[in-house]
Structures are given as structure tokens and as C-alpha cells.
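In what follows, a structure is listed as C-alpha cells, so that the remarks can point back to it.
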Amino acid sequence: MNHSIIQAIKYSLLIILLVFASCDKIDEEERLVPAGAKAQWEEGSGVDDKTQRTLLEKYTGVGCINCPIADINIHKADSAMGGRLIAVSIHDFSSTLTSPVDATSPDLRTEVGQVWSSFFGITQLPMALVGRNRKASDWAMYNPADASLVMPSISDALDQPNVAALAVKAVKNGDDIDITVDLEYLQDLTDSLTVTLFIMEDSIRATQKNGHNIDTNYIHNHILRDAITDPWGALVDDGRTSNVVNAGTKRRGSFTYTPSKDWRLDRCHIVAYLSNYASKRIYNAAKCDIE
Amino acid sequence: MKKHILLLLALCVAVSTAMGQGIMGGHVTGNFQIDAQTSREDSVIGSKSLPEIMHLNARGDILYTNGNFSAGLRYEAYLNPMEGFRPEYEGQGIANYFASYKTKDFAITAGHFYEQFGNGLTLRAYEDRYLGIDNAIRGFNVMYRPFRGITLKGLIGQQRYFWDQRGLVRGIDGEVSVNELLASLAEAKTRLTLGASFVSKYEATSGINVDSYLDGFKLNLPANVGAAAVRMDLSHGGFGLQAEYARKGDDPCDLNNYIYHKGEAIWVSASYSQKGLSANLQAKRIENMCFRSVRSEKYPEAMYINYIPAITKQHTYAFLSMYPYQTQTDGEMGLQADVIYKIKKETLLGGKYGTDLHLNASVITGLDMQPVALSGLDTAMTGAPGSSGYSSDFFKAGDLYYADASLEVARKLSSKVKLAATYGYVVYNPVVEGHTGDIHHNHVVVADLTWKLNRKNVLRFEGEWMGSDSKYDGEDKRSGDWIMGLVEYNFTSKWFFCVSDQYAYNDGVGNYYNLSVGYTTGATRIQFGYGKQREGIICIGGVCRTVPASNGFTFSLTTSF
């Protein structure tokens with residue numbers, strides 16, 4: 001056998017090994033995994049504040065030198081929107097840029113961040129999605145370090161029909177947090193909706209690369225800590241008896257969650273957002289402190 | 001402005017350079033097809049009026065070829081999609097584009113492509129415009145022949161989903177022609193080709209909610225699922241033997257109710273042919289071989305990565321094809337025998353011109369599935385999402401899905417008249433269409449007479465009868481006993497005129513008359529029709545599309561250059 005034949009066989013075997021490796025094995029005892037906090041749904045009393053808000057997901061990393069600029073741009077937008085924007089900073093596991101810069105810094109990465117990041121195909125940092133909108137067939141993503149892109153994307157997300165008003169309330173109950181979500185449908189809807197809850201924390205000191213500098217006292221705000229429900233939400237039991245849920249329907253969902261003792265709850269917020277189960281598009285969002 | 005002028009100049013230079021190198025030579029070919037229909041409400045057959053008056057499907061394929069290089073695109077328009085095609089097709093645009101470079105031993109395609117590994121058990125990306133299927137992969141496809149007799153293929157891409165691209169498919173395939181590889185066997189009468197393929201799909205795991213079944217838990221879904229197959233093609237003189245065996249990893253999906261169950265498929269075909277006789281025997285067994293790019297996909301024709309070959313006859317006569325078999329990718333097993341024999345001319349049975357006999361029979365059943373529970377759960381959870389679903393004995397058959405037998409006798413009665421007579425018997429279980437109800441038993445008789453008046457004028461008469469034990473209960477409008485007549489006149493080699501009527505005379509409803517006229521000149525054909533279409537399904541190769549009832553005009557134009 002000549003050299004080229006041996007080479008061809010070697011490369012072929014390598015390709016076959018690589019492709020065969022592309023196969024996941026899940027043992028029987030691992031087929032079911034916890035799905036997050038459960039909701040108890042009942043008839044609600046409505047929502048006084050009918051404001052439509054949207055969620056800005058900023059995928060970021062402590063080793064990402066342009067991410068602090070994005071923080072500034074988003075903070076400005078947040079101030080300008082008068083509470084209609086809820087921003088969350090997400091650190092996933094897909095890049096070395098999200099690993100703690102030094103050994104004393106806290107690890108801001110989360111599993112739920114990785115789930116979302118993989119699903120939306122985040123390949124570079126910083127990157128943002130607002131309202132999980134689509135642009136043609138792709139997710140509408142943009143670089144929030146470019147200030148000119150931030151406000152238009154928020155306007156696009158809010159330039160959608162307000163299908164339901166949403167409010168969230170969180171009360172500490174021993175080691176748990178009791179969370180109540182109120183919904184009031186503002187339009188007749190045939191879509192299946194989900195409510196997703198997560199907890200985020202402000203004022204976390206962790207080393208951050210910033211341009212050519214390394215800032216050991218960088219203050220990180222609205223850091224995603226955990227999803228309270230399943231990462232893709234809990235289906236809203238809207239009590240519909242036909243394909244349509246009517247405008248004016250009021251529902252209340254109750255959840256219980258046990259937070260980590262490592263977090264400062266006085267600096268934490270609970271965020272709820274309402275989204276389309278199939279398309280993932282976010283219709284409304286709400287945020288509250290933990291009482 | 002200055003920028004634009006510079007850009008234009010650069011483009012001119014590039015084009016003139018390209019032409020100078022002969023790159024702009026080559027030739028362009030293409031084809032166009034426009035189909036349109038109108039429909040109005042008809043309470044008897046269940047047709048609805050179209051709010052837009054007319055629906056239209058149209059497409060144009062353009063192919064540019066220059067030596068080893070080719071590039072093409074397809075423009076499609078669904079304004080709005082014709083009845084029976086998915087509403088997601090609505091719109092128009094470039095649906096397919098590619099560039100390809102191909103030599104004898106190497107080929108590479110970027111863009112959309114169609115591909116098949118073996119018989120398709122692991123991968124078949126294909127298009128069938130009449131079924132509304134287009135599983136084209138957009139990505140890269142490479143073929144390489146490192147040595148004579150060895151062909152390697154590799155591909156990666158996303159599948160077309162109406163106007164979107166979804167999923168991620170990776171695959172490799174290798175095929176060895178033993179007779180080409182080994183010079184000593186080059187002229188051997190025995191020919192052997194061996195092949196193997198592996199295909200893997202990736203899909204991020206997003207919330208499959210099984211809360212209603214198991215409080216507080218969800219499924220841990222595999223993001224990467226692989227399927228592998230081995231195959232052979234052996235022939236010796238008039239004998240042939242083809243076989244393919246495939247296995248697939250756990251692949252919970254909507255169609256299999258999110259069970260974790262290995263897929264398995266085996267397909268075997270043995271054939272013999274000599275002058276005046278050919279015989280073919282096929283067998284297959286399919287277990288959980290639904291392999292799709294998107295696990296939650298509900299449309300039966302969308303997002304399939306693989307294809308299960310059909311082993312039932314593709315009938316062409318109306319009543320024999322009224323209940324076509326739809327492949328059950330979740331599980332089925334079956335046999336088909338097909339014999340074609342020509343009785344010699346100038347014999348007692350053969351007559352002056354000889355007689356053609358075509359005998360075909362097939363039977364398809366489900367698998368014998370015994371539900372199993374997820375470990376540690378009570379038996380009420382058997383077959384539920386997260387469990388292994390079921391166990392099944394390899395050789396034990398389940399419920400009968402479909403069986404048919406048909407004999408066609410065709411004989412020239414004179415130099416100008418040919419008669420084909422067919423008898424067929426079809427047993428059909430509505431469960432294959434997802435319905436419940438009794439199994440139908442249908443007897444069909446067809447007489448098809450072709451009278452060649454002269455070189456340019458041909459008359460054809462067709463009469464069909466179907467006797468069925470099915471009765472119309474307000475649901476299936478194919479039920480009952482039917483008769484049909486058809487007259488078709490082809491004149492001047494360019495025009496044709498056809499009139500037909502199908503009538504349910506007992507235990508059924510409907511009188512479906514149709515008129516059509518067409519004209520063909522060169523590569524262009526234009527056809528107008530008016531009539532009623534009965535609701536039902538059409539299947540090609542075991543893959544089916546629902547056809548709703550319609551009552552109105554149809555128009556079709558095809559041309560190529």
C-alpha cells in the first residue's frame with residue numbers, strides 16, 4: 001500500500017471518529033431532570049399597571065474587553081426608558097472570556113445562561129437580544145457596545161402589540177421565597193404562553209477586563225443567578241376551554257423557590273417574563289425586589 | 001457617488017477579465033412551472049371557496065454550466081399556496097441556490113443540495129413538488145474518489161423548512177465497488193458493491209414540557225443523535241441482491257411520543273430477470289426510524305433526514321390508488337412480490353403480438369409492541385415520554401396495515417388497438433392515516449383501451465369499478481362503491497382533450513367530473529381543466545400529502561429551455 005492510501009485511510013478514520021463522537025448517550029436514570037419551580041394557577045384579580053416592558057439579555061464575560069462599554073450603553077438606555085427595560089447580564093460556559101479572571105473573583109457563570117446561549121447561538125461577546133425578536137429567520141442580535149444599536153433594538157421590541165399585562169411580587173418566607181405572578185390578557189389569544197422567572201443580583205464585585213485594563217473592583221449589576229422556573233418557562237394555565245383565551249382573562253400563578261445562601265437577597269430581584277411557548281418571543285416582563 | 005463609480009469600474013474590469021478567461025462562457029438551461037386553481041364551495045364534496053379566488057404555485061429553475069463549474073437557483077412563488085400545500089409556503093423568493101465544482105474524482109457544492117446515502121435509511125435530502133416536500137440541505141457537500149472503486153462523501157448543513165433553514169445535519173458515506181477496486185475482478189460476472197454511512201443531527205435542547213405527566217421534571221433530551229447504516233449490492237447474471245441495515249440512537253421526538261428507543265431498519269430486495277421475465281421480492285422491517293432535524297416537528301412531510309423505501313406498488317389507476325399506503329416510520333414490517341412475464345407472440349395465450357402479465361402483491365403490518373415502563377415508575381407510565389416505549393419481537397407482526405394484490409394483463413388486439421385489463425384487491429387499515437375505524441376491503445376492476453387512429457391521433461378509453469365494504473359515515477368521502485369512465489383524445493400530436501367522471505353509486509357520496517384540454521409545443525405544455533377533486537391523500541414512495549376537496553378551474557404551464 002502506498003503512502004497516499006495510508007494517508008487517505010487515516011483521514012477517513014479520523015473523520016469517522018469525529019462524526020461518531022457526535023452522538024449523545026443518556027442513561028435511563030438520567031432521562032428526567034428537574035423542571036424548575038411549579039406553578040399553582042388560579043383566577044387572578046388583574047394587573048393595575050398595564051405598562052409593556054421588554055427584556056434585554058446581554059451575553060457578557062469578565063474577560064471581554066468591550067463588555068464594560070456595553071454596560072454603560074445599556075445603563076443609559078435603561079435610564080432613558082423609564083422602567084420599560086429590564087436588563088440582565090448573562091455569563092455562559094461557552095468561552096474562556098467568561099471564566100473568572102483571577103482566583104479570588106466569584107464565578108458568574110450559570111447553567112441556565114449556557115442553555116440560552118446555546119439555543120440562540122451566541123458566538124461572540126458582548127451580544128444582546130431584546131425581547132427575543134427575530135430578524136427574518138434569524139434571532140435579532142446586536143453588539144451592545146455600539147451605542148447606536150441599543151435604542152433602536154429596544155424600540156423594535158416594544159413596537160409590538162401588548163397582549164397581556166404582567167406583575168410579579170416576591171416575599172421571603174423562611175429559607176424560601178414565595179412568588180406571585182399576575183396576568184391580565186389585553187387581547188384574545190390563541191398562542192400558548194409561558195411565564196419564566198429568574199433571580200438576578202446587583203452590586204457584585206468581580207474582576208473585569210476593561211479595554212487594556214484589568215479592573216479588580218468592577219461592580220457587576222443585574223447578574224443572572226438562576227432560573228426559578230424551567231429555563232423555557234412554565235406553561236400558563238389560562239383556564240381556556242376553547243382554542244382562544246379571551247381579553248380580560250385574569251390569572252394568578254404562585255411559585256416557591258429556595259435561593260442559594262451565597263447571594264445577598266437584599267440586592268436580588270425577581271424577574272418574570274411572558275413569552276410565546278413556540279416562538280420564544282417575549283411579550284412582556286416585570287421585575288420586583290424581594291420583600 | 002465617487003464610491004459607486006469606482007465600484008462599477010471594478011465590476012466592469014472583473015467581468016471583462018472573467019469573459020477573457022472564458023468564465024462567462026458556458027450555457028444556461030432552465031425550466032418553469034406554473035400551477036393555479038380556483039375553487040368554490042360545494043357542500044356535497046366539502047370544498048371551500050378561496051378568499052383570494054385563485055391560488056398559485058410557481059417556480060423557475062435556472063442552471064448555469066461551464067465546464068466543471070455549475071451554479072443555479074430556483075425562484076418559487078406561492079401566491080397563495082394551492083390547496084393541500086402548507087400555508088407556511090406563502091410568499092415568494094429565491095428558495096434554492098448553489099455553486100458546484102465537479103470533476104471525475106472530486107465534487108464540491110456550496111449552497112443548497114440534494115443527496116442520498118444508499119437507499120436513504122440514514123439520509124435522503126430530496127424534493128417532490130407534488131407532495132410539497134423540499135428537504136434540501138443548505139451547507140457544503142463534498143465527494144471524493146481517492147482510488148478507483150472507492151467513493152467518499154461528506155456533508156454538513158441545515159434543512160429547508162418552508163422559507164427557513166432549521167436543524168443541523170452532518171453525514172459521511174463511503175462506497176466500495178469491489179470489482180473496480182480489484183483489477184482481477186474487473187470483468188467478473190459477479191458484481192459487488194459495499195457501502196456504509198453515518199449521519200448525525202444536532203438540535204439544542206429547549207423545553208419539552210412533560211409536567212402533565214411527571215410533576216416537576218422534564219426530559220433530558222439528546223442534542224446529538226446519530227444513525228448508521230451498512231449496505232450491499234450483489235449481482236450475478238440475472239440475479240440481484242440488495243440489502244441495507246441501519247441503526248439509530250435514542251431519538252425522543254413528537255412522532256414517537258418522546259420515548260428513548262433505538263431505531264432499527266432492514267431492507268432487502270432480491271431480483272431475477274431474463275428475457276420476457278422479471279421477478280422481484282422485497283422485505284423490510286422498520287422500528288422507530290423517524291429521523292428528523294427538529295424533534296418537535298408535527299408536519300409529516302417536513303424535516304425528515306432519512307427516507308424509508310416503500311415496498312408497495314405505486315398504482316396509477318384512480319381506484320387502485322384511492323387508498324395508497326403511507327410509510328409508518330415508527331414501526332412496520334412487510335413483504336412485496338412483483339412478477340412481470342411476457343407470453344410469447346404467436347402462441348395460444350400470447351396471441352399475434354404477445355401478452356404482458358404483471359402480478360404484484362404486498363402486505364404491510366405494524367410491529368408487535370409491548371409497552372414498557374420507565375424504571376422505578378408504576379406501570380401506568382408504560383410507553384410514556386421518558387420511557388423506552390415498548391419492546392418488540394423482531395419477527396412478530398402486529399396489526400395489518402395494508403395489503404394489496406393486482407394482476408394486469410395487457411395485449412395488443414390489433415396493430416392499432418391495445419387493451420389492458422387489471423384486477424386489484426386492496427385491504428386498508430385507516431390507522432395508517434391516523435384515523436380509527438374498520439379495515440376496508442376493496443375490489444377494483446380496470447379496463448384500459450388505447451386506439452391508435454393514425455400516427456398523430458390516439459383515443460384512450462378507461463373504465464373502472466370499485467366495490468368496497470366501507471360506508472360513508474360523514475367522514476371519509478372515498479367510502480362506498482364507485483364507477484368511473486374516462487375518454488382521452490390526443491390529436492395532431494399537440495392537443496389533447498380528456499373527460500372523466502367518478503361516481504359513488506352505493507354507500508358513498510359524490511360525482512366527480514373533470515374536463516381538461518392541453519396543448520404541447522416543443523418543451524412547452526399548457527393545460528386547462530375544470531372539475532371536482534375528491535378529498536383524500538396522494539402518496540409517492542410511501543410519503544403522502546393530504547388533498548382537500550376542490551371544485552373549480554385548474555391551469556398548468558410548464559416549459560424548459
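Looking only at residues in region B:388-428 that are more than 23 Å from the chain's Cα centre (by Cα) and of a type in the set (Val, Ile, Thr), the one that is most open to solvent (accessible area, probe 1.4 Å) is B:Val409. Tell me whether region B:337-348 contains one or more residues that are of a type outside the set (Ser, Thr, Tyr), crowded, with 16+ Cβ neighbours inside 10 Å, in a loop (DSSP other than H, G, I, E, B) and free of Cβ contacts under 8 Å to residues at least 60 places away in the same chain. No, the conditions are met nowhere in region B:337-348.
Among the residues of region A:40-67, those that are surrounded by 20 or more Cβ atoms within 10 Å (Cβ to Cβ) and closer than 25 Å to A:Ser99 by Cα comprise A:Leu55, A:Leu56, A:Glu57, A:Lys58, A:Tyr59, A:Thr60, A:Gly61, A:Val62, A:Cys64, A:Cys67. Just give me the residues in region A:202-244 being within 14 Å of chain B (Cβ to nearest Cβ) and open to solvent by 50 Å² or more (accessible area, probe 1.4 Å), in sequence order. Once the filter is applied, which keeps residues that are within 14 Å of chain B (Cβ to nearest Cβ) and open to solvent by 50 Å² or more (accessible area, probe 1.4 Å), region A:202-244 yields A:Leu235, A:Asp237. So in region B:252-282, with the set limited to residues that are aromatic (Phe, Trp, Tyr) and away from chain A (no Cβ under 12 Å), which one is most open to solvent (accessible area, probe 1.4 Å)? Of everything passing the filter in region B:252-282, B:Tyr272 is most open to solvent (accessible area, probe 1.4 Å). Just checking, does region B:457-466 include any residue being under 25 Å from the mean Cα position of the chain (by Cα) and surrounded by 16 or more Cβ atoms within 10 Å (Cβ to Cβ)? No, there is no match, as no residue in region B:457-466 is under 25 Å from the mean Cα position of the chain (by Cα) and surrounded by 16 or more Cβ atoms within 10 Å (Cβ to Cβ).
In region A:106-117, the residues that are open to solvent by 50 Å² or more (accessible area, probe 1.4 Å) form Cβ pairs under 6 Å with partners that are among the polar types (S, T, N, Q), at six or more places apart or across chains, as follows: A:Arg109/A:Thr98. Does B:Ala227 satisfy being more than 8 Å from every other protein chain (Cβ to nearest Cβ), under 24 Å from B:Ala384 (Cα atoms) and modelled with pLDDT of 90 or more? So B:Ala227 fits the description; yes. Out of the residues in region A:127-152 meeting the condition of being open to solvent by less than 20 Å² (accessible area, probe 1.4 Å) and within 15 Å of A:Lys76 (Cβ to Cβ), tell me which one is farthest from the chain's Cα centre (by Cα). Ranking the qualifying residues of region A:127-152, first place goes to A:Val150. Candidates in region B:429-446 are the residues that are open to solvent by 50 Å² or more (accessible area, probe 1.4 Å) and in a strand (DSSP E or B); of these, the one that is nearest to B:Phe496 (Cα to Cα) is B:Val445. Can you tell me which residue in region B:102-148 is most open to solvent (accessible area, probe 1.4 Å), limited to those that are in a loop (DSSP other than H, G, I, E, B) and within 14 Å of another protein chain (Cβ to nearest Cβ)? The selected residue is B:Arg148. Once region B:503-515 is narrowed to residues that are surrounded by fewer than 18 Cβ atoms within 10 Å (Cβ to Cβ) and closer than 28 Å to B:Tyr428 by Cβ, the residue that is nearest to the chain's Cα centre (by Cα) is B:Asn514. The combined condition, being part of a loop (DSSP other than H, G, I, E, B) and open to solvent by 50 Å² or more (accessible area, probe 1.4 Å), is not fulfilled by B:Gln326.
Examine region B:470-488 for a residue that is buried (at least 16 other Cβ atoms within 10 Å of the Cβ) and touching a His at 6+ places or on another chain (Cβ under 7 Å), and state whether such a residue exists. Yes, the conditions are met somewhere in region B:470-488. Residues satisfying the criterion are absent from region A:32-54 (criterion: without any contact (Cβ under 8 Å) to a residue 60 or more places away in the chain and away from chain B (no Cβ under 14 Å)). Checked across region B:480-495, the condition of being assigned to a loop (DSSP other than H, G, I, E, B) and acidic (Asp, Glu) holds for no residue.
The values are calculated or read from the model by the stated rules, or taken from the named source; none is laboratory data. Note that the coordinates shown come from a computational prediction; the quantities given were computed from them, not determined experimentally. As a convention, Cβ positions derive from the backbone with ideal geometry for all residues, glycine included, and neighbour counts pool all protein chains shown. Just so you know, the surface numbers come from the protein's heavy atoms only, side chains and all, with ligands and any DNA or RNA stripped out. Shrake-Rupley method; radii C 1.70, N 1.55, O 1.52, S 1.80 Å.
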